[in-house]
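Beneath this line is the structure, given in structure tokens, with notes to follow.
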Amino acid sequence: MENYTIEEFDRSNITPSAKVQIYRLLQFSEYDFSEYIGADLNENGEFAYAHFADYCTDPDRKMYLLKINGHPAGFAFVNHVAYACKESDVLCIAEFFIMKKYRKQGYGRILAHHIFDALKGKWEVFQMQSNVSAGLFWEKVIAGYTHNAYTILDTGNDDGQIGRAFVFTS
């Protein structure tokens, strides 16, 4: 495994450089995800992401940047927007992305476990039913992290997508 670092950002410490790096990785993530949600590019040739600015200003949202050998390689967004759990303090993975060249090498698991360890509490990880590979990833990662102490709830998100919510406590 190559040398990696994970940086945590919120409104108090986001740097202009990190903001640009995460936004550019977000474009790759939205490209990958466009096959599931049918997203198109906007007039600037970018995928629109309505809540990116919120991650730079909202104290309840966090961003994580994974770097491998000093290069941006993945990111995650964490918020409290749960679909199956109704408690206001539930932690949620809103976005999660690892560049294709680093997938299936353990970096996604490392990033997820790092986040779960950093933010203790009740978690909900929603996965769209149509994104089968991501569902398999999350089930394996969460089962390993919790030693199979998790629940799967069938639910939908605000966009009408049907999926599963993995619920557990870190």
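Some notes on this structure:
- Test: residue 113 is surrounded by 13 or more Cβ atoms within 10 Å (Cβ to Cβ), out of contact with any strand residue (DSSP E or B) (no Cβ under 8 Å at 6 or more places or on another chain) and either of a type in the set (S, T, N, Q) or free of Cβ contacts under 8 Å to residues at least 40 places away in the same chain (or both): yes
- A single entry from 29, 12 fulfils the requirement of being without any contact (Cβ under 8 Å) to a residue 60 or more places away in the chain and either exposed (fewer than 15 other Cβ atoms within 10 Å of the Cβ) or touching an Asp or Glu at 6+ places or on another chain (Cβ under 7 Å) (or both): 12.
- Selection from the stretch 97-120 of residues that are in a helix (DSSP H, G or I) and more than 21 Å from residue 22 (Cα to Cα): 117
- Of all residues making up the stretch 1-40, the number that are more than 25 Å from residue 156 (Cα to Cα) and either touching a Lys or Arg at 6+ places or on another chain (Cβ under 8 Å) or not acidic (Asp, Glu) (or both): 24
- The stretch 83-94 residues that are on the phi > 0 side of the Ramachandran plot, paired with ones that are hydroxyl-bearing (Ser, Thr, Tyr) and surrounded by fewer than 17 Cβ atoms within 10 Å (Cβ to Cβ) (beta carbon under 7 Å, 6 or more apart): none
- Any hit, the stretch 71-81, residues being at pLDDT below 95 and surrounded by 14 or more Cβ atoms within 10 Å (Cβ to Cβ): yes
- Of the strands (runs of 3 or more DSSP E) lying entirely inside the stretch 1-96, those containing at least 1 residues that are polar (S, T, N, Q) and within 29 Å of residue 167 (Cβ to Cβ) are 71-79.
- When residue 58 is tested against (1) closer than 23 Å to residue 116 by Cα; (2) free of Cβ contacts under 8 Å to residues at least 40 places away in the same chain; (3) of a type in the set (Asp, Glu), exactly one condition is not met: (2).
- Residues that are crowded, with 16+ Cβ neighbours inside 10 Å, under 15 Å from the mean Cα position of the chain (by Cα) and part of a helix (DSSP H, G or I), drawn from the stretch 121-170: 134, 135, 137, 138, 139, 141, 142
- Single condition residue 104 does not satisfy, out of (1) over 17 Å from residue 166 (Cβ atoms); (2) in contact with a strand residue (DSSP E or B) (Cβ under 7 Å, 6 or more places away or on another chain); (3) loosely packed, with under 15 Cβ neighbours inside 10 Å: (2)
- Residue list for the stretch 16-38, filter: more than 15 Å from residue 77 (Cα to Cα) and either at pLDDT 95 or above or in contact with a helix residue (DSSP H, G or I) (Cβ under 6 Å, 6 or more places away or on another chain) (or both): 16, 17
The values are calculated or read from the model by the stated rules, or taken from the named source; none is laboratory data. All figures in this text were calculated on a predicted structure; none of them were measured in a lab. We place every Cβ from the backbone using ideal geometry, glycine too, and count neighbours over all the protein chains shown.
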